[in-house]
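Here's the structure we're looking at; comments come further down.
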Amino acid sequence: MNKKIPIDVTLVSGARTGLLQKTLESFSARLFRHFTLETLYVNIDPFEGGPAEVEECERICKDFFPVVVANKPDTPHFTRAVKWLWSQPSAAWSFHLEDDWVLMRDVTYDDFANALKRRVTQISLMTKEKNWGYRSPFHYEPNRFKILGRDLGKGLNKKRPIFTTSPSFVQREFAHQCASLMRDELDPEKQLNVLNPALNQYTANYRNHFIGKRREYVAADIGREHREEVGLEKTVVAGNSVWTEKGE
């Protein structure tokens, strides 16, 4: 049996202790226990909480990881959080996560190893939000095939691979280079695929392989329900994500 590749973990967190606890309990039970973990790099923004909640989030992280490196900015900024996190890992691969996801099934080391194919620099968990209706195990931009003006139906644009900031394994050099090319004023996921020509030119050389097949949802977003409960809504303004209280 081949020796397991150790991984780092990168985590975007708000000052949301309940969500963070639930997320880490889920991933610890269903993913992390199958891997050899090195360092957790966590960015804890003062979002939905203040200094006390930020410190409590760091303490929660230390309950699950033996080595924790925490970045605790004075003001929240999602893109800067991702840039900092993706520039940190020293392990060959890291697992990137946000504080508002849970797993629907175990993700094993074999799931990861079986996706290590040519030009694969990201291995992402299938989720409902991807709306994926194709057989391909690689995430490409959907399009429609046309020949001489005749529409032959839906297909995939294999010149435009799609990458994500939702739960995924990310190869170290790919993460570092993406972080160096990201622009602060743009949402990190949107600029991975559009809006940032220099970054898009770089990512076009690589591929994102799914764990999970179409409509087999491996991870579930619990952040949407949480935002409903606390009265927040997420919108995109000038290419960046903005959270506001409903009714503002």
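Just so you know, all these numbers are worked out from the coordinates, no wet-lab data involved. Note that this is a predicted model, so its numbers are computed, not measured. FYI the Cβ positions are ideal-geometry reconstructions off the backbone, even for glycines, and counts take in every protein chain you see.
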* Structure fact -> Flagged in segment 7-21 as more than 22 Å from residue 164 (Cα to Cα) and touching a residue at least 12 places away in the same chain (Cβ under 8 Å), in numbering order, are 15, 16, 17, 21
* From the list 157, 205, 143, which one is surrounded by fewer than 17 Cβ atoms within 10 Å (Cβ to Cβ), in contact with an Asp or Glu (Cβ under 8 Å, 6 or more places away or on another chain), touching a residue at least 12 places away in the same chain (Cβ under 8 Å) and farther than 21 Å from residue 11 by Cα? -> 157
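Going through segment 119-136 one residue at a time, which ones are within 17 Å of residue 170 (Cβ to Cβ) and in a loop (DSSP other than H, G, I, E, B)?
Across segment 119-136, the qualifying residues are 119, 126, 127.
Here is a yes/no grid of residues against (1) over 24 Å from residue 111 (Cβ atoms); (2) crowded, with 20+ Cβ neighbours inside 10 Å; (3) out of contact with any helix residue (DSSP H, G or I) (no Cβ under 7 Å at 6 or more places or on another chain); (4) among the aliphatic types (A, V, I, L, M):
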residue	(1), (2), (3), (4)
9	no, yes, yes, yes
21	yes, no, no, no
28	no, no, no, no
35	no, no, no, no
58	yes, no, yes, no
66	no, no, yes, no
69	yes, no, yes, yes
